[in-house]
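Structure, as structure tokens:
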Amino acid sequence: MAVPSLWQSTADPAPSYPALTDEVRSDVTIVGGGYTGLSAALQIAKDGRRAVVLEAYHVGWGASGRNGGLVSGKFRVPFHVVETLHGREEARHLHHIGKQAVTTVGELIDEHGIGSANFKMPGYVTAAHSPQALAAQHFATEWLADALGDTSSRVLSRQEVTAETGSSTYVGGVLSTAAGCLHPLNYVRGLARAATAAGVHIFENSAAVSLQRQGHDIRVGTSQGAVRARQLILATNGYSADQPLTRGLRQRVIPFRSAIIATAPLSETLRMRILPNRRVVADTRRLLRWYRIVDDRLVFGGRGAFGQEDSVAAFNRLARDMIGAFPELDGVAIDYRWSGLVAMTMDQLPHAGELEDRVFFAAGYNGTGIAMSTFLGRQLAALTRGEKLHLGVIGRPLKPILLQAFVTPAVRTVTGWYQLLDGIGR
């Protein structure tokens, strides 16, 4: 992985897999060696079928090895909005899927002994940056309890949020006990080891460059080899533009760069003041900021970067926002800076299903993908064995985005407007 990160510096040694240099046979070909693809491959192998994973770079090279490690069943769209758009039962079903997704992560870690993922469930604080945001949180929390019977969240006062976060910049918030965190790179590498132990063949440095339908076979070609299979899974998410074969999926999502910084080790005094209960925290800004303590460092991330490379300006904005929340960190060195692509969708929900005949996909996690990608990988495995699944709104077709050439400039304009509104506390 070319991006230097805290996860690389603290991860288990990377497993090494060969490049594909021959033509091989499989039941299912999977393009993408992240959470979605490896979860699907592991389940396919458990079913007694053959799976081949083609990874263009290295296992976990994309979002699965770069994200912040937040494990949650939340979606970008609040459940009461889902009810308004799609009805109460769809909201209930989506809520159930979110809970299942978090459970799936824990099950896989326990089953395959991925202890170095360091999976914990300390809870998740959503800190309100304005009175309007706090009022919306009150409504959403009460709706969850009344409509869906979910009492895992409770509203926090200004004083309680200050005690939880160590920052006095928030007006209140909500604590959810049904969320946690892990080491994302160790998790994806653990899934890869489990998959190979189950008989999955993983090939790195093997970008998928062509697709041909030859009788009942789908032949996926790389620069040096090919895989023939009856079925194909596309699991490239925000990195779908990197491989010629997955560019059709790229037309259905909006890549959005998310950046992360990690401080130098903090003193014991600072560690006692900042996040004393070791919760994960995210705020309610449109371009949200989130943070957590990892070992003795503060890891601080958020949205708003652009382009295909790391952005110094985005890292500097994160550092300013971090000091705004924690003035005592002014002068503390930043040891790590890295970024990666989040795949957004027009309806802000993930989608999974059959893209075309015997070609399946899952994508569009909108920044909350660890649990959902793991869960949907399993669902894709079920689809390839012929099961009919009820994924509700997630299973609805993900249509190409019209006028995509204008998407990036439009996103930049909207992001600038959001930065202005966040800056004035709206």
Enter the mean projected area of the convex hull around the alpha-carbon atoms of the chain, in nm², rounded to one decimal. 19.3 nm²
Which one of THR246, ALA319, VAL200 is farthest out on the positive end of the charge dipole of the chain, using unit charges on Cβ (Lys, Arg +1; Asp, Glu -1) and the Cα centre as origin? THR246
Angle in degrees between helix 312-325 and the longest Cα principal axis of the chain, rounded to the nearest 10: 40 degrees
Within the set LYS120/LYS388; LYS74/LYS120; LYS46/LYS388, which residue pairs have Cα atoms separated by over 21 Å? LYS120/LYS388
Under 20 °C and 1.002 mPa s, how fast does the stretch 1-144 diffuse according to Stokes-Einstein, given a Kirkwood radius computed over C-alpha pairs? Answer in µm²/s, whole number. 116 µm²/s
Residue by residue through the stretch 16-22, the couplings from Karplus 6.51 cos²θ - 1.76 cosθ + 1.60 with θ = phi - 60°, in Hz, x for Gly and Pro, are 10, 10, x, 7, 6, 10, 9
Treating the angle as unsigned and between 0 and 90°, give the value, to the nearest 10°, between the Cα long axis of helix 131-148 and the longest Cα principal axis of the chain. 60 degrees
Quick check of the Kirkwood formula: for the stretch 90-246, what is the inverse mean of 1/r over all pairs of different Cα atoms, in Å? 19.6 Å
Using Cβ contacts closer than 10 Å as the measure, can you line up SER267, SER5 from fewest to most? SER267, SER5
Answer in debye to the nearest 20: the dipole magnitude of the chain about its Cα centre, from +1 Lys/Arg and -1 Asp/Glu charges placed on Cβ, is 520 debye
Under 5 Å from the placed amide H of GLY172, counting only residues 5+ away or on other chains, we find ALA128
Checking the a/c ratio against 1.5 first, then a/b against b/c, what shape does the Cα gyration tensor give for the stretch 1-76? oblate
Have a look at the DSSP beta bridges in the stretch 6-407 and tell me what percent are antiparallel, nearest 5. 70 percent
If you average the alpha carbon positions of the stretch 209-288 and of the stretch 317-352, how far apart do those two centres end up, in angstrom? 16 Å
Helix 88-112 versus the longest principal axis of the chain: what angle, 0 to 90°, nearest 10, using Cα atoms? 80 degrees
What is the stretch 6-407's relative contact order, in percent, from Cα pairs under 8 angstrom and six or more apart in sequence? 25 percent
Of 320-329, 345-354, ordering from highest average Cβ density within 10 Å down gives 345-354, 320-329
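All of the numbers you see were taken from the coordinates with simple rules; none came from a lab. Predicted model, so just to flag it, every value in this text is computed and none were measured. Positions of Cβ are backbone-derived with ideal geometry, glycine not excepted, and every protein chain shown enters the neighbour counts.
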